[in-house]
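Enquirer: I have a structure I would like to understand better, so I am pasting it below and will then ask my questions one at a time.
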Amino acid sequence: MSDIDGTSALDAEAAGREDQPRTASLADRAHDEIRERIATRRMVPGQRLTERSLAAALGMSPTPVREALRRLEQEGLIAKQGTRTVTVVEHSPQTLEELQYAEIVLRAAAARFAASKATPAQVSALRDCVREIERAALCGVPEETLAAAGRFDALVAQIADNPFVTGLSRSAEVVGRNRRLQAVTVMLRHRHDVGLRHLGAHRDLVDAIAGRDGDLAEQIVRAHLRSSLDLLLSDLEGTDPERRRPEEGE
């Protein structure tokens, strides 16, 4: 059974935490970072986690970490082993696959709803977001590309105007911002074909929403997210020669 007390693996990724949206609470950030590492098997089944070591690694007090662990326990990703200690629960590949499927279904549903509600002004705003994504990608700036894509997704959710579906979709996400930024970096540096395909999917989605074609909007999002999750859960470090796994030699 491994221990989280040697936390340099988390330290490496926690450095990017200041770029996250200011509206996200510390508990949300702790939850997302820990959950992402569990989903991508960087925290392995049986690994022991303590509030103290996680708080130190994430650069925050134990209070938000305690809240994050409480939520992760409710989600079945960790199990309590003591007052301040938990372990990562074993999950089959099928369980993670089903969680990914849930996220895809919910976000595709939001796109369908957006297609029936979007105003011309909102469609125009979506097209502006796509142009922002394209400009940032052409400049090769991963952070700006990811931020623009996030604004696009947030606008689709706003147009869909269904807080219940948006909340469920958020709870079903299996990877967080750090992993997404890493995937965007890989796309811009090594997988231009994937980047172009994703940009095309954004354009196609806006066209479907503008045409009030809910069926097509849902279909586009399903295909796009399936491709995105395949990349997000792949061996990104192996794809990008400029990176190494934080766990190597530690």
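Read-outs: derived from the displayed coordinates by stated rules, not from any lab. Every value quoted in this text rests on a predicted model; they were computed, and no experiment measured them. Cβ: placed from backbone, ideal geometry, glycine included. Neighbour counts: every protein chain shown.
Enquirer: With an 8 Å Cα cut-off and a minimum separation of 6 or more residues, compute the relative contact order for the range 93-239 in percent. Walk me through the intermediate numbers first.
Expert: On the way: 163 pairs, mean separation 58.2, N = 147.
Relative contact order here is 40 percent.
Enquirer: Full-extension gain between Asp207 and Ser25, please, as 0.36 nm times their residue separation minus the C-alpha to C-alpha distance.
Expert: Details: separation 182, 0.36 × 182 = 65.52 nm, distance 3.44 nm.
Separation in residues times 0.36 nm, less the Cα-Cα distance, equals 62.1 nm.
Enquirer: Around Gly195, what is the net charge, scoring Lys/Arg as +1 and Asp/Glu as -1 over all other residues with Cβ under 12 Å from its Cβ? Mind dumping the intermediate values first?
Expert: Numbers: positive: Arg189, Arg191, Arg197; negative: Glu134, Asp193.
Residues close to Gly195 contribute a combined charge of +1.
Enquirer: Another question, then. Rounded to the nearest 0.05, what FRET efficiency do Arg170 and Gln81 have when you use their Cβ-Cβ distance and R0 = 25 Å?
Expert: Numbers: r = 28 Å, r/R0 = 1.11.
Calculated value: 0.35.
Enquirer: Related question: With unit charges on the beta carbons (Lys and Arg positive, Asp and Glu negative) and the dipole taken about the Cα centre of the range 87-225, which residue among Gln219, His198, Val141 sits farthest to the positive side?
Expert: So the residue furthest toward the plus end is Val141.
Enquirer: Here's something else I'd like to know. How do the peptides 98-111, 218-231 rank, highest first, by the average count of neighbouring beta carbon atoms within 10 Å per residue? Walk me through the numbers on the way to the answer.
Expert: Working: 98-111: 19.8, 218-231: 18.2.
Order by mean packing, descending: 98-111, 218-231.
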